[in-house]
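Shown next, in structure tokens, is the structure this report addresses.
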Amino acid sequence: MDKLTLINHTMAKGFPWLKFPKPLEADFQGFVRQRVLNRVLPVGISAAIFVLLFCALDWYLLHPRIATHTTIVRIGLVLPIIIIATAWLYFKPPKYYLWVYSTSLLISSLSIIYIIWLAHIQGINLPYEGLMIVMMYGFFIMALPFYLALGINLLVVIIYALTEPLYFLDFATYVNHVLFLTTILISAAIGAYVTEHNQRANFLRKRTLDIHHEKTLHSIKQKNKYLAAASHDIRQPLQGITLMGEVLKKSQPDNKHIQSLNQGIQTLNTMFTQMLDISKVNLNLIQPKMDSFSLIDLIEQNTQSFLPRLNKMNIELKIHIEPCHIRSDFTMLSRILHNLLENAISHSKCNEITISSKTVNHQVELTIIDNGSGISKSIHTSIFNEFIKGNESQDGLGLGLAIVSQFCQKLAHPLAFHSEHGATRFSITIPEVLDHIDGDSPNNIKPKILLIDDDPDVLSNITALLNQWGYDVSCVTGIQHAKHNLNKDWFCIISDWNLADGCGEEIVKYANENKTPSILISTHASDTITTCAKRYNSFFLQKPISPSRLRAKLINIK
């Protein structure tokens with residue numbers, strides 16, 4: 001019987017004796033332990049205060065000789081036990097924590113009985129309110145299990161009844177005291193029983209929710225794994241298409257057909273990436289990969305696809321970016337910029353968008369401003385929540401700005417927002433990278449790159465791209481071929497993970513041993529591959545490779 005079935009069976013059958021089947025009872029006792037230990041400190045402090053308060057009352061109500069005796073009991077015995085038990089349970093609770101906890105309660109109760117008895121033999125009719133207080137502590141404040149609290153308090157009432165000196169009290173008074181405490185005991189026990197029964201019922205409900213939540217997360221993770229596996233065969237041809245489009249754009253920058261082709265490729269890449277990543281956002285599976293790269297490159301990369309649409313809608317795009325390098329995650333920051341531009345174009349009814357930057361104290365403030373109708377004040381406080389849309393935004397799900405906010409939090413980039421009619425402003429603060437060294441070498445000496453991949457199309461496309469960037473590229477198709485060339489002075493070694501005659505781990509391991517920078521590429525981003533990259537100080541890029549991310553990795557090599 002699985003745990004969920006066991007819970008449903010227990011709830012249907014009931015638990016009048018406050019006991020669960022063994023697997024559930026073990027879980028509940030763990031819950032009780034945490035609940036007790038969470039309140040140890042406030043319980044111990046309040047109990048110590050009560051001891052000191054009753055000590056003061058002794059001096060007010062009793063003869064000084066008796067007050068001296070009771071003070072010794074309270075300050076010399078009870079208070080140290082409370083302090084020791086509280087400190088022990090708070091700082092290093094043992095497995096038998098309930099024995100320590102309940103023993104301190106029992107000793108406190110017995111000390112009160114002793115003090116009442118001591119007062120009575122001196123002819124002083126001391127009230128028994130102290131016993132009522134410790135009884136409430138045992139049943140409710142200390143959160144002891146019901147049967148343990150009932151046993152201790154029942155024992156205390158019996159001891160009180162047996163030690164109450166009949167020869168100093170008339171029988172009617174004696175019976176009145178004992179019956180009153182017994183009534184308090186029964187009333188408190190009923191209340192404690194109902195309280196623990198409700199706690200157990202709530203515990204079962206919470207465990208049911210937890211199990212359903214765990215199953216839901218497991219189901220989502222399985223679907224994500226399936227989606228990632230299915231995407232493997234799509235990534236490889238998409239990689240080739242992306243790189244070929246980039247090469248064509250460089251060779252024929254004014255060709256409108258090539259521009260349209262690249263716009264479609266970029267849109268396809270964006271949609272495909274979103275399809276894989278959006279389900280991971282709420283599962284916290286997307287983690288930043290911090291690089292340093294040119295802010296101008298970031299802006300150019302992410303505004304090109306919008307230009308035809310901007311021209312068609314007669315929206316003027318103004319860019320005022322200071323030349324600088326920043327440290328961030330290129331992909332996540334690109335998504336942020338894309339969503340902000342998309343929001344301005346689709347919903348603001350503007351005719352001008354300005355992207356600008358300024359650097360203050362090595363912090364770059366990137367700002368996107370539109371001159372549209374503004375965002376309704378009624379949603380200013382919730383604009384970054386999921387599924388929030390203004391009255392003018394009928395399309396979409398209202399997730400764009402929520403993703404912007406979540407990504408900025410993950411990147412630790414402060415995000416600011418201000419909107420009124422005629423101006424909506426989003427500002428992101430990003431750390432500046434100082435003393436950045438570009439990948440291109442001076443004196444016209446081309447940095448040498450060794451490229452290892454068994455796919456001829458990938459070799460051809462990446463080589464063409466690297467040649468355009470000013471690198472001298474040597475291509476090999478496998479590990480055996482690469483080993484004959486590894487001992488040369490390479491600026492960087494780029495290797496695929498899956499090679500026909502082995503694994504790229506051998507390549508990046510050799511590069512690390514010879515202090516040569518390396519980049520590991522693969523269609524998968526498994527833990528094995530990313531761990532290998534970290535172990536050998538290699539960069540990792542997942543196919544399809546973004547030219548800008550590849551460029552950022554190369555210019556980050558010093």
Handout entry: Residue check for SER46: surrounded by 18 or more Cβ atoms within 10 Å (Cβ to Cβ) and in a helix (DSSP H, G or I)
Key = no
Fill in the blank from the handout: Residue hits (the stretch 443-489; closer than 15 Å to VAL508 by Cα, in contact with a Phe, Trp or Tyr (Cβ under 6 Å, 6 or more places away or on another chain) and touching a residue at least 40 places away in the same chain (Cβ under 8 Å)) are ILE449, LEU450
Exercise for the section: Within the stretch 311-331, track down each residue that is modelled with pLDDT of 85 or more and in a helix (DSSP H, G or I). Expected result: ASN311
Exercise for the section: Please give the helices (runs of 4 or more DSSP H) falling wholly within the stretch 86-163 in which 1 or more residues are of a type in the set (Phe, Trp, Tyr) and in the same structural domain as ALA192 (by TED's automatic domain parsing). Expected result: 97-121, 146-163
Exercise for the section: Identify the residue in the stretch 337-367 that is out of contact with any strand residue (DSSP E or B) (no Cβ under 7 Å at 6 or more places or on another chain) and among the β-branched types (Val, Ile, Thr) and, among all such residues, is farthest from PRO288 (Cα to Cα). Expected result: ILE345
Completion exercise
Residue count, the stretch 89-127, condition farther than 15 Å from LEU148 by Cβ, out of contact with any helix residue (DSSP H, G or I) (no Cβ under 6 Å at 6 or more places or on another chain), of a type outside the set (Lys, Arg) and free of Cβ contacts under 8 Å to residues at least 60 places away in the same chain, comes to 12
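Those residues that are farther than 29 Å from THR86 by Cβ and of a type in the set (Lys, Arg), I need them from the stretch 1-52; list them, please.
Step one: list which residues in the stretch 1-52 are farther than 29 Å from THR86 by Cβ, which gives 1-17, 19-24.
Within the stretch 1-52, LYS3, LYS13, LYS19, LYS22 qualify.
Residues LEU397, LEU434: which one is assigned to a loop (DSSP other than H, G, I, E, B), closer than 26 Å to ASP297 by Cβ and modelled with pLDDT under 85?
Details: LEU397 fails: closer than 26 Å to ASP297 by Cβ.
The conditions single out LEU434.
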Practice task
Could you check, for the stretch 375-390, whether at least one of its residues is more than 29 Å from PHE293 (Cα to Cα), modelled with pLDDT of 90 or more, surrounded by fewer than 17 Cβ atoms within 10 Å (Cβ to Cβ) and assigned by TED's automatic domain parsing to the domain that holds LEU295?
Solution key: no
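Considering the stretch 493-534 alone, what residues qualify as being among the polar types (S, T, N, Q) and part of a loop (DSSP other than H, G, I, E, B)? Spell out the reasoning first.
Going residue by residue through the stretch 493-534, those that are among the polar types (S, T, N, Q) are 495, 498, 512, 514, 516, 518, 522-523, 526, 528, 530-531.
Listed by number, the residues that qualify are ASN514, THR516, THR523, SER526.
Let's see how each residue does on (1) more than 30 Å from THR463 (Cα to Cα); (2) in the same structural domain as TYR147 (by TED's automatic domain parsing); (3) modelled with pLDDT of 80 or more; (4) in contact with a helix residue (DSSP H, G or I) (Cβ under 8 Å, 6 or more places away or on another chain):
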| site | (1), (2), (3), (4) |
| --- | --- |
| ASN198 | yes, yes, yes, no |
| TYR226 | yes, no, no, no |
| HIS232 | no, no, no, no |
| GLY240 | no, no, no, yes |
| GLU246 | no, no, no, yes |
| PRO253 | no, no, no, no |
| GLN259 | no, no, no, yes |
Problem - Cβ-Cβ under 6 Å pairs, at least 6 apart or on other chains, the stretch 535-558 side over 19 Å from ILE265 (Cβ atoms), far side of a type in the set (Gly, Ala, Ser) and modelled with pLDDT under 85 - result: LEU554/GLY439; ILE555/GLY439; ASN556/SER292
Handout entry: Pair list, Cβ < 7 Å and 6+ apart or interchain, from the stretch 14-42 residues that are in contact (Cβ under 8 Å) with a residue 60 or more places away in the chain to residues that are surrounded by 15 or more Cβ atoms within 10 Å (Cβ to Cβ) and β-branched (Val, Ile, Thr)
Key = PHE20/THR10; LEU24/ILE7; LEU24/THR10; VAL40/THR86
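The values are calculated or read from the model by the stated rules, or taken from the named source; none is laboratory data. Keep in mind that what you see is a predicted model, and the values were worked out from it rather than measured. For neighbour counting, all protein chains shown are included, and Cβ atoms are generated from backbone atoms with ideal geometry for every residue, glycine included.
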